[in-house]
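This report concerns only the one structure given below.
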Amino acid sequence: MLAERVKTWTEEWKQEDESKVLRRQLTLRFGPLLSWAEQRLSQASEAELECWTDRVLDAQALDANFADQN
């Protein structure tokens, strides 16, 4: 049971770190983040964070970074 808890904590910390790095990258590229972007980051899944982190290199605008991919 403790091992499961440690695994959960580790995953949560990793996701928080990914979110912090992405927040920093977005702020450096686009300036201070709008509230809707902050909200998206705080509610993002690991897969979304990974996708958005890749997009920050090519996105021309903040909203394009978060656009749904079809």
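The values are calculated or read from the model by the stated rules, or taken from the named source; none is laboratory data. Since this is a predicted model, take the numbers as computed values, not measurements. Cβ sites come from the backbone with ideal geometry, for glycine too, and all protein chains shown count toward neighbours.
Scanning the range 39-70 for residues that are under 9 Å from the mean Cα position of the chain (by Cα) and not hydrophobic (A, V, I, L, M, F, W, C) yields R40, S42, Q43, S45, E46, E48, E50, T53.
Does the range 2-23 hold any residues that are over 10 Å from the mean Cα position of the chain (by Cα) and either surrounded by 11 or more Cβ atoms within 10 Å (Cβ to Cβ) or of a type outside the set (S, T, Y) (or both), and which are they? Quick ask: steps written out before the conclusion?
From the range 2-23, those over 10 Å from the mean Cα position of the chain (by Cα) are 2-14; that's our starting set.
Those that are over 10 Å from the mean Cα position of the chain (by Cα) and either surrounded by 11 or more Cβ atoms within 10 Å (Cβ to Cβ) or of a type outside the set (S, T, Y) (or both): L2, A3, E4, R5, V6, K7, W9, E11, E12, W13, K14.
Going by the structure shown, is L49 of a type in the set (A, V, I, L, M, F, W, C), on the phi < 0 side of the Ramachandran plot and either assigned to a loop (DSSP other than H, G, I, E, B) or loosely packed, with under 10 Cβ neighbours inside 10 Å (or both)?
Details: of a type in the set (A, V, I, L, M, F, W, C): yes; on the phi < 0 side of the Ramachandran plot: yes; either assigned to a loop (DSSP other than H, G, I, E, B) or loosely packed, with under 10 Cβ neighbours inside 10 Å (or both): no.
Considered against the rule, which asks whether it is of a type in the set (A, V, I, L, M, F, W, C), on the phi < 0 side of the Ramachandran plot and either assigned to a loop (DSSP other than H, G, I, E, B) or loosely packed, with under 10 Cβ neighbours inside 10 Å (or both), L49 comes out as no.
Just a yes or no: is a residue in the range 58-65 over 22 Å from E11 (Cα atoms), at pLDDT 95 or above and touching a Lys or Arg at 6+ places or on another chain (Cβ under 6 Å)? Checked the range 58-65: at least one residue is over 22 Å from E11 (Cα atoms), at pLDDT 95 or above and touching a Lys or Arg at 6+ places or on another chain (Cβ under 6 Å). Scanning the range 5-24 for residues that are outside any helix (DSSP H, G or I) and among the aliphatic types (A, V, I, L, M) turns up nothing. For the range 25-46, the set of residues classified as surrounded by 12 or more Cβ atoms within 10 Å (Cβ to Cβ) and not in a helix (DSSP H, G or I) consists of L33, L34, A44, listed by residue number.
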